[in-house]
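None of the figures in this text is laboratory data; all of them are computed from the coordinates on show. These figures come from a predicted structure and were not determined experimentally. Cβ: placed from backbone, ideal geometry, glycine included. Neighbour counts: every protein chain shown.
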């Protein structure tokens, strides 16, 4: 475990300070959510782009066909079984159990999920919204098991990516491909629509190797109850449940979380974080070394070559 | 803490064994859910009684008027503030926090909630369904705070009441009066419709003072994953969310639980367990002394005198 701490680089202007000396606060976001040239034809209906800009997220149903979903599910199962016997940092287990919760850097572990990450329905849309070539800041498979799926508390991804990874601007987004049917009760992602327009400054000093804790239960980078109550009353709250094959696209600064899952229905998805190439990570905005490569791409930044896949491309080897 | 253990009374026939030497299993319930004389006129539409018999629960909306709800909410708040400064066993706090989760034996602490417990809309219906005079086996106020409400795992109340309290037969039911709006996402009670017709035998030895643990997170009297999966596939799963003023009636053997609540919306209710007078508790069906009086009435068994209330009856003193 790396316990050295680094000096914060004070020569840089930090446009989104949080933690350290910061006090809990809600400040306006300084940058757009949709970075596309307005003259460019969007890959989906323009009303959906406007909805994304307003709400900070979009749920698209039936993006992947049942055949594609079946192949991706088979690959998901194959990787989970493989992961159960792997003692690798990329494999995250549920607190107090050996059940696989997430597998990180899945685009490097699986040719199938590498092709999915580059699929034009995902990477093409991401490149349009971010107005740039894109690369994968992170990729993972999430398994929220039935009966014992843990909750994940409210947070903005950008707060963490900015402070711990040194991502300069909120010019990134996440895309989640549902590989199981999500219902309101099996722990779907809950979001506060429109919350992406506010930056929620958090309190607390980032501890060494914070990511190891935060992957199981976030304790730093957590908004105050007061700020969350304000945002929830301002924005409301909806779930993003949809059947297998649905796609959820959400801005990096959207406030989101999920309740526990005591139902028998597992919830699995493939999860990709796309960052604009011009927004590549720098040194972290805290006094800690960067998080490891499998959580936040730094050394292996490669622009994605967008591709068109068919169901056969997703067939497990 | 009482650590003495008692010998199980082997002279009695235990019609619903569980824990101890028992292996996890699902067995048929041996007794009816509705005990009313069919010739008696029900206090609600007969189709609702049939629905209750089939599903094991019933949600009735608008049972209490907005005025009544407002008074009950005021009394709820008054008792919570009072409870925060009380170090009494009746007051249960959230694990790892001082926030009040439940206040037990509320019919003895509050004249308002005593009147509510005896209200003909609740106690009258309970007496009809159980075909007997009824008494309060337990009463409590539940506060599921916003942001940090904990989950409550799947269980049948009757399994606990039988084994730990010595309740002979499943001739009891619970009624929950919603005092806040319940949504699908603020941790509403989830139930498996029809599961009350199966008795789920659990494994494990009942430890001393198990109730102190089980009030925060149940660890004994928990069905196996395999049995839960069978029941969930057989029964399905629904939530019982409803606006403030709704009433949920459910059979003592219905499988139920609730997810965590990360939303800003608290979830509060008044909760009464009615038992048939002829089904009064005996010695526990495990080698432990009975649970305390505030959790399970034993010494103070008194048939309820059903009464008709108006909003003024619920006005806090």
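Calculate for chain A the 222 nm mean residue ellipticity that helices alone would give, adding -39,500 (n - 2.57) per DSSP H run of length 4 or more and normalising by residue count, nearest 500 deg cm²/dmol.
-6500 deg cm²/dmol
Taking only the alpha-carbon atoms of the stretch A:100-257, what semi-axes of the equivalent ellipsoid follow from 5 times the gyration tensor eigenvalues under a square root, in whole Å, largest first?
Sorted largest first and rounded, they come to 24, 19, 18 Å.
Enter the mean number of other protein chain beta carbons within 10 Å of the beta carbon of each residue in B:126-134, as an integer.
0
When the expected Rg is taken as 2.2 N^0.38 Å, what fraction or multiple of it is the alpha-carbon Rg of chain B?
0.94
Which residue, A:31, A:198, A:137, tops the fluctuation ranking in a GNM of chain A built on C-alpha contacts under 10 Å?
Top of the fluctuation ranking is A:31.
Can you give me the P(r) profile for the stretch A:194-296? Cα pairs, bins 10 angstrom wide beginning at 0, each as a whole percent.
The percentages, shortest bin first, are 10, 34, 40, 15, 0.
What residue among A:122, A:179, A:60 has the largest mean-square fluctuation in a Gaussian network model of chain A, using Cα springs under 10 Å?
Answer for the Gaussian network model of chain A: A:60.
What is the Cα centroid distance between the stretch B:228-267 and the stretch A:173-236, reported in whole angstrom?
Cα centres, the stretch B:228-267 to the stretch A:173-236: 25 Å.
Given the options B:51, B:288, B:82, state which has the largest fluctuation in a GNM of chain B using a 10 Å cut-off (strictly under) for Cα springs.
B:82
At q = 0.18, 0.22, 0.24 Å⁻¹, what log₁₀ I(q)/I(0) does the stretch A:151-225 have when each alpha carbon counts as one equal point scatterer in the Debye sum?
Calculated log10 I(q)/I(0) at the listed q: -0.89, -1.23, -1.36.
Per residue, what volume in Å³ does the convex hull of the Cα atoms of the stretch B:236-313 enclose?
203
Would you tell me the mean number of C-beta atoms belonging to other protein chains that fall within 10 Å of each C-beta in A:204-214, as a whole number?
So the per-residue partner count for this stretch is 0.
How would you rank A:42-49, B:104-111, highest first, on the average number of other Cβ atoms within 10 Å across their residues?
Packing order, densest peptide first, comes out as B:104-111, A:42-49.
Run through the other copies and list how far each one's label point is from that of residue A:87, in nm with one decimal, shortest first; the point sits 7 Å from Cα along Cα-Cβ.
4.6
Sort A:239, A:251 by Cβ crowding within 10 Å, fewest neighbours at the top.
Going from least to most buried by this count: A:239, A:251.
Given bins 10 angstrom wide, list per bin the percent of all Cα-Cα distances in the stretch A:64-119, short to long.
Distribution as computed: 22, 50, 24, 4 percent.
Once you have the Kirkwood Rh of the protein assembly as shown from its Cα pairs, apply Stokes-Einstein at 25 °C and 0.890 mPa s and quote D in µm²/s.
92
So what's the stretch A:25-91 giving for Cα Rg divided by 2.2 N^0.38 Å, two decimals?
Taking N as the residue count of the stretch A:25-91, the ratio is 1.75.
Going 7 Å from Cα along the Cα-Cβ axis for the label, what nanometre distances separate residue A:65 from the same residue across the other copies?
6.1
For peptide B:223-233, how many partner chain Cβ atoms fall within 10 Å of a residue's Cβ, on average?
2
Per the Kirkwood treatment, what hydrodynamic radius in Å, one decimal, follows for the stretch A:30-140 from the mean inverse distance over all distinct Cα pairs?
Taking every pair of different Cα atoms in the stretch A:30-140, averaging 1/r and inverting gives 16.3 Å.
Hey, for residue A:38 with labels 7 Å out along Cα-Cβ, what do the inter-copy distances come to in nm, ordered shortest first?
The answer, with the shortest distance listed first, is 7.4 nm.
May I ask you to sort B:224, B:178, B:235 by Cβ crowding, counting other Cβ atoms within 10 Å and putting the fewest first?
B:224, B:235, B:178
If each residue's Cβ is checked for other Cβ atoms within 10 Å, how do A:99, B:23 rank with the fewest at the top?
Fewest-to-most Cβ neighbours within 10 Å comes out as B:23, A:99.
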